[in-house]
Amino acid sequence: MDPASPPHHNQLQEQEHDQVGCPTMKKEPGWAQAAARAVAGEARAQRGIVLPLIGMNLTGFVKQAITTAFLGRLGDLELAAGTLGFSFASATGIAVLMGLCGAMDPICGQAHGAGNAALLRRTLVMTIAMLLAASVPIALLWLRVDAVLHHVFGQQPDISAVARRYVVCLLPDLAVVSFRAPLKAYLSSQEVTLPAFFSSAVGLAVHVPLIVWLSRTRGVEGVATAVWLSDLATAVGLAAYVLLLSKKDNGIAEAPRCGRWWPDMARKEEWVRLLRLAVPCCLNTCLEWWCLEILILLTGRLPDARRAVAVIAVTLNFDYLLYAAMLSLSVSAAVRVSNSLGAGDAAAARRATTISIMGGILAGVGGGALMLASRRQWARLYTRGAGVRDGVAKAMTVMAALEVLNFPLNVCGGIVRGTARPAVGMYAVLGGFYLVALPVAVALGFRARLGIEGLLAGFIVGTAASLTVLVVVIARMDWKAEADKARVRAGVGAVGDDVPGSGKEDAPSGNAGEV
């Protein structure tokens, strides 16, 4: 199956529709072989999406490791301040922008499945405008980062001052991310992920000489400058692909013609729809991100806090490696489900959901086993202290069980996002992490005096609660109804003639993809 082909070209669509409604009907000869081919085709399609995204996310991990190493070469103060500044910028800025961009997954994915290229393009431009607008208050907050770190979080004045220098030099990255994230989502929604990987690889290649030169000449400000310049290289690569190389063949949206993008930008209904999806997507991302920050803060209140923080930092670094796969599986699930729903193929959406969850379970078991096997070797990469190494081994043993649940949780989050119901994921995270995980973690970590292992055990309980909620919601979904709603949302359904943003003003009836 061509990974760029929209799901409505699936030759098994009619046969699957017949089977989904009548599970007890007499199966025709060859039905099992056809079903096996459909499952294998779905698995190949998801693999084609996931592997480049894993490579892209791993380049981001390597880039951050290089950045941290060069901060350490500047001195302990620069390392502490730069790391603190980057964490602040990520939690208050990058996470917010990436979360808001999540609204593109259901809209663009379903539009691509329905063949509505006009809606795809408008959503891209509208999302970029939304992220640029959101960057303004974020930038104002970043300018006051020293006051926030000193007065709110009790950081030392010298660390807060250097952190401000780092974050202020990182300000252009807000604008860069406002373009880079929507461009990546625009292509991913069409099952095109190789350009994101190649562009990220180019960004990493640019980052190395930049940070070597700028860290020597400008210190901590140079490190921050190297970060956003390499991000800019990635964004330019994605923009070049979209503007110059993207063709209309095989279902990929044609190269943009800017004059055709703007007339409908003022449609109130499209903005309302985008914001209604963007807000819960943003909260979902931020709530997960902030929960990890809270975990680190809680660790700092344990006895022997310095050792405890070192242990959790080393342990979470391995989790960040696995998160490259988790996020990729989540995006793949959202893309395949939204594409199938936009094409009106309920059977394909259900099949994509089943295979995504099975893949998430297998990946979770594999990730947990890998963490368990690496629990003693991993710590040696970061420290020679026997106490920290032993602590990391114990923490990673518990964390391995958490990863088994984290993978399917992220996949299920991608599925509900692909159905344009991100609020379900938001409520699951809010309830599971903040109403269950944190209270249980505090009880086990402090009152039961289990330390880091108790904190992580609390997160296992909370993650299981969130996963249960999402699995129940997905199991109860009426896929035929979801497909009908997606067709209307994409402007090609039977009742979609009056749907705002359908693209019918750009396309003749019955051929919404012609623009």
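Assorted remarks:
- Contact map, region 371-385: residues that are under 13 Å from Ile312 (Cα atoms) paired with residues that are aromatic (Phe, Trp, Tyr), Cβ distance under 7 Å, separation 6+ or inter-chain. Pairs shown: Trp378/Phe318.
- Pro195 part of a helix (DSSP H, G or I) and modelled with pLDDT under 95: yes
- The condition (being without any contact (Cβ under 8 Å) to a residue 40 or more places away in the chain and either assigned by TED's automatic domain parsing to the domain that holds Gly55 or of a type outside the set (S, T, N, Q) (or both)) is satisfied by just one residue among Leu297, Leu283, Leu329: Leu297.
- Selection of region 72-129 for residues being of a type in the set (D, E, K, R) and either under 22 Å from Cys286 (Cα atoms) or touching a strand residue (DSSP E or B) at 6+ places or on another chain (Cβ under 7 Å) (or both) yields only Asp105.
- Condition check for Arg180: charged (D, E, K, R), closer than 24 Å to Ser332 by Cβ and more than 19 Å from the chain's Cα centre (by Cα): no
- If the condition is being outside any helix (DSSP H, G or I), under 30 Å from Leu341 (Cβ atoms) and either of a type outside the set (S, T, N, Q) or out of contact with any Asp or Glu (no Cβ under 8 Å at 6 or more places or on another chain) (or both), then region 147-192 contributes Gln190, Glu191, Val192.
- Given (1) part of a helix (DSSP H, G or I); (2) in the same structural domain as Val471 (by TED's automatic domain parsing); (3) surrounded by fewer than 21 Cβ atoms within 10 Å (Cβ to Cβ), number of the condition Ala363 does not satisfy: (3)
Condition check ((1) under 18 Å from Leu456 (Cβ atoms); (2) of a type outside the set (A, V, I, L, M); (3) in a helix (DSSP H, G or I)) across all residues:
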site	(1), (2), (3)
Val335	no, no, yes
Ala349	no, no, yes
Thr354	no, yes, yes
Gly359	no, yes, yes
Leu372	yes, no, yes
Val392	yes, no, yes
Ala400	yes, no, yes
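- If you go through region 130-147 and pick out every residue that is at pLDDT below 95 and within 20 Å of the chain's Cα centre (by Cα), you end up with 0.
- Region 213-253, subset of a type in the set (Gly, Ala, Ser) and outside any helix (DSSP H, G or I), residue modelled with the lowest pLDDT: Ala253
- Some residue of region 406-420 being farther than 16 Å from Val471 by Cβ and either polar (S, T, N, Q) or not assigned by TED's automatic domain parsing to the domain that holds Leu292 (or both): no
- Hits in region 436-464 - residues which are over 25 Å from Val388 (Cβ atoms) and either in contact with a Lys or Arg (Cβ under 7 Å, 6 or more places away or on another chain) or of a type in the set (S, T, N, Q) (or both): Thr463
- Options Thr68, Thr59, Thr24, Thr83: the member that is at pLDDT 90 or above and more than 22 Å from Leu120 (Cα to Cα): Thr59
- Unique match (being surrounded by 20 or more Cβ atoms within 10 Å (Cβ to Cβ), farther than 21 Å from Val223 by Cα and not β-branched (Val, Ile, Thr)) among Leu149, Leu183, Leu170, Leu174: Leu183
The values are calculated or read from the model by the stated rules, or taken from the named source; none is laboratory data. Worth saying up front: this structure is predicted, and the values here are computed from it rather than measured. Ideal geometry is used to build each Cβ from the backbone, glycine not excepted, and the neighbour counts take in all protein chains shown.
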